[in-house]
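Input: a single structure, listed below in C-alpha cells.
Each reported figure results from applying straightforward, stated rules to the coordinates on display, with no laboratory input. Quantities reported herein were computed from a predicted structural model and do not represent experimental measurements. Here the Cβ is made from the backbone with ideal geometry for all residues, glycine too, and neighbour counts use every protein chain on show.
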Amino acid sequence: MRPLNPDEPTQLGEFRLIAHLGSCGMGRVYLGADPHGRPAAVTVVRAAYAVDLDFRARFAREAALAHRTVGRFAPPLLGHDLSAPVPWTATAYVPGPTLRELVERTGPLPPAAAAVLARGIAEALDTAHGAGAVHRGLTPSTVLVDAHGPRLIDFGVARAVDEARLTRPGEGVGSAAYTAPELLSGGGAAAAGDLFSLGGALLFATTGADPFGEGHPSTLLYRVLREPPSLDGVPGPLRPLVAACLDKLPENRPTAQEVLDHLGGPLPEEPPTAPWLPPRARAAVAAAEESYRSAVGPRAGGPPAPDPWAALAPGARPAPPARTPPRRRGRAALRVAALLGVAVLLAGAGLFAVAAPAWEAAGETGAARDCSASGSLAGNLALTGPPQVMFPPDVPLELSFSPDGTVLAVSQVDRVTLWDWEGSRPLARIDNEEATVPPTPAAFSPDGCLLAYGTLHGTAVTDLSTGRAWNVGPEQAVRSVAFSPDGSSLAVGVRSDPGARFLHLYETERWKLTAALPGSGSLGAIQYSPDGTTVAGGEVGGGVAVWRTGAGGLDRLGLVDERARVGADAFDILPDGSGVLLIRSDRVLLVEPQNERVLREFVPDDEDHFLVDVAYSEASGRVFAAMLAPGAGSGSTMAWDYGDAASARLGPDLPRLFPLVLSPDGSRLAGLRADTGDLAVYDTDLSLLGVIGD
C-alpha cells in the first residue's frame, strides 16, 4: 500500500480513492471508501478490456451472477461502471495479504490453519456453485487472508478476464499451474475446475511451492496435462484431499460440499476466540490491518477508521442460500476413500500391498515366434463391449505402435486397447486397474508377442498369443518400460529406489534382474536406439540421461540436463544413438549427449504456440513436433527437414496431434486430434491414412 501519485485518480464513481494497493489481471487496484466511509477495493479496468464490447457483455453477465455468490468468505461486488471515462469495479475491502504473499513472507501454514483455509474456500465455492457460478481464477493470489479466515475474491471478473485474454495473442488462462487440465485443453469452465484450483492452493499453503513447479508456460502446461503434482511436504491428514482435488479427471474430484463434509462441515458462524493463524502469519495480517488504519486513520479530530470487517459481517450481507442436505453423504466418504488410490498415484508413493499375479517364468521370449498378424491374439483378450473411440483431450492416454506398425496400442489409466488401425477394428483389451497416472505407453517385444506396461506394483507383461499375464520386478511403481531391439532385455524405469537406481534391466528368459543403474531422477520414458547401442531415459522434471552399451552392460554416456522440461517423454533419440532431440525454450535442439553440444536447431514459425513433444522419422528425414496454445484449444503439428533444419512445407490446416507417436519404421504418425477427440494415423506428409472408429 502506498500513497496516490499526482497522476492517479482520486474519485471513481461514488468511491473516494485513498491509496494504491497493487495490480491484478484487470488493472490497478486502489483502496477506496464509499460516502459512508466503508472501505472498498476499487480496480481501474485496463483500457484494452474496457473498449472491448464482448468483454463488457461478459463482465455484465458475470457481475450479475456474482451477486448470487455472496457469502461469508466471498467479498461482495459493490459496483462497477465500464462505460465511465475511467472504467472501474469495486468490491468489499479485505484487510489482509494474499495467501501467496502470506506464505512467501511467513512460511507454509500448519495443518490446522490449512484446514480452516480449506473450509472457508470450500464454503465460498459451494455457495457459488449452488448459484450456477464458477470462479475459474482461484489461485493463491485470489485468496485474501484476514483475522477471521480466508476470503475468495474476483467472483464475476475472473471468467470475463480470462475469456478476454483468450482473444489476445500470447495470453492464456489464469495461472496454468492452478488451472484444470480440461480448461487448458480448451474445454468449458465447470465447478470441478474450481476444485482442481482449490487443491493447488492448499498444496501451496502447506508447502510454499506451486503444485507443478516453476518454468516456461509450456512446461507448466505439459505438467498440468500429463504429469502428477509433487505432494512432498503436504501434511498427512490433508494429502488425500489435496490429491483428490488435483485428479486429472474432473469426474473423480470431490465437490465443494464433499470437501466440507470431509473436513467437518462449515466453519462456525461466530469467529473462534483463539486465533486460527500461527504467530508469524498473525503478525503479517495485523500489519496489513495497521497499514489500512494508517491510510484511512482519523485526521485531526476526525472519526476513527471504519471497521474493515463491517461489510463482511453476517448482518451486512444477504443471507447465503440455505445449504442443502449433504448429497450422497455415505457415498462421499467412500469416494474420498477410493480417491486415496489416486493420491498414491499422484504422490508417486506406490504403497498398496495387494499382491499381483506373477509367474516364476514367462517361457520363451518369442525369438522364433511372430505375433504381428492380428489373428494371432488370444481369444480371452477380445473386447466384451463397445470400444471407446472418442477421447476427451484432458483425459491422459499414451500411444504406441506394434513393431510392424499395423497395431496401435492405446494406454489409459484402467486399460490398454489394441486396434487394427487400418481396418478401424478393435483387437484386444487388457484391463489395468493399477496403472500409474499418467499411464505408461505400452511396449511391444520385437516379435509383437509380448506387451509390457507400468503399474503401481511392478511391470505387467501379457503374452498376446496365449493371454497369460504376470508381473516383473518388486511391487513398486513403474513409470516406463522398453524392450531392447533384440528382445533379450526389458528396461524398467522405477518411480523410487533407495539407492537412486532408477533404471532396472531384466533378462527376458527368466525375468531376472541383471542391472540396476543409478541416476539423478526417476525415468518417465525410456527409448532404445534402433541399433540397440544406446538407451535414453527422460527424467521426470529433469534432463535426458543416456547410456551406451559396453562389454559389461550399460555405461553412462551423459546427461542433457538443460531442456524445457515439458514432459519426461518429450524427446527422441537418433537411430545410431549419436544425438538426442529435445525441446529447449521455443525450439527443438539436436544435442550430442556426452558433451551437451548443440548440433542443430529446429525453430517453429509460430511464436504463439508452445512445443510439447518431438519425434524423428528416419524414413522421411523429418523432425516432427506437437505445438499447443494454453487455454485457446489451438495447436498444430510442425515438421522440419532433418538435414538443413528448414521448415517442411506440408500445406495449411495441419492437424493438432497430442500425444503423438511414430511407428518404428518412421513411416506413420499417430495422435489424438484435440479438435475432434479421435485418434488418427497419418503418413509423414501428414496425409490422413485412417481414423479409429470410422
Quarter of Cα convex hull surface for segment 637-694, i.e. mean projection, nm²: 4.3 nm²
Are there any trypsin sites (Lys or Arg not before Pro) in segment 457-526 that are in a DSSP loop and have at most 14 other Cβ atoms within 10 Å? List them by number. Arg510, Lys512
With x for Gly and Pro, the residue-by-residue ³J(HN,Hα) of segment 669-682, computed from phi through the Karplus equation 6.51 cos²θ - 1.76 cosθ + 1.60 at θ = phi - 60° and given in whole Hz, is 10, 10, x, 7, 8, 5, 6, 10, x, 10, 9, 10, 10, 10
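Give me the tail of P(r) for segment 553-688 as a percent: Cα-Cα pairs with distance above 17 Å. Let's see the in-between values first.
Details: 5238 of 9180 pairs.
The answer is 57 percent, as a whole percent.
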Within segment 503-542, which residues have the backbone N less than 17 Å from the label spot 7 Å out from Asp665 along Cα→beta-carbon, could you tell me? 530-531
The Cα extents of segment 392-494 along the principal axes, largest first and rounded to whole Å, are 39, 35, 22
Return the long-range amide H neighbours of Tyr642 (sequence gap of 5 or more, or a different chain), with a cut-off of under 5 Å between placed amide H atoms. Arg622, Val623
Work through the residues other than Ser488 whose Cβ is under 11 Å from its Cβ and net out their charges, Lys, Arg +1 and Asp, Glu -1. -3
Segment 436-510: which GluC sites (Glu not before Pro) are DSSP loop and have at most 14 other beta-carbon atoms within 10 angstrom? Glu509
Quick one: what are the phi-derived ³J(HN,Hα) couplings along segment 85-97, Karplus 6.51/-1.76/1.60 with θ = phi - 60°, whole Hz, x for glycine and proline? x, 10, x, 8, 9, 9, 10, 4, 7, 10, x, x, x
Using only the alpha-carbon atoms of segment 432-574, report the extent along each of the three principal axes, biggest first, to the nearest angstrom. 44, 34, 27
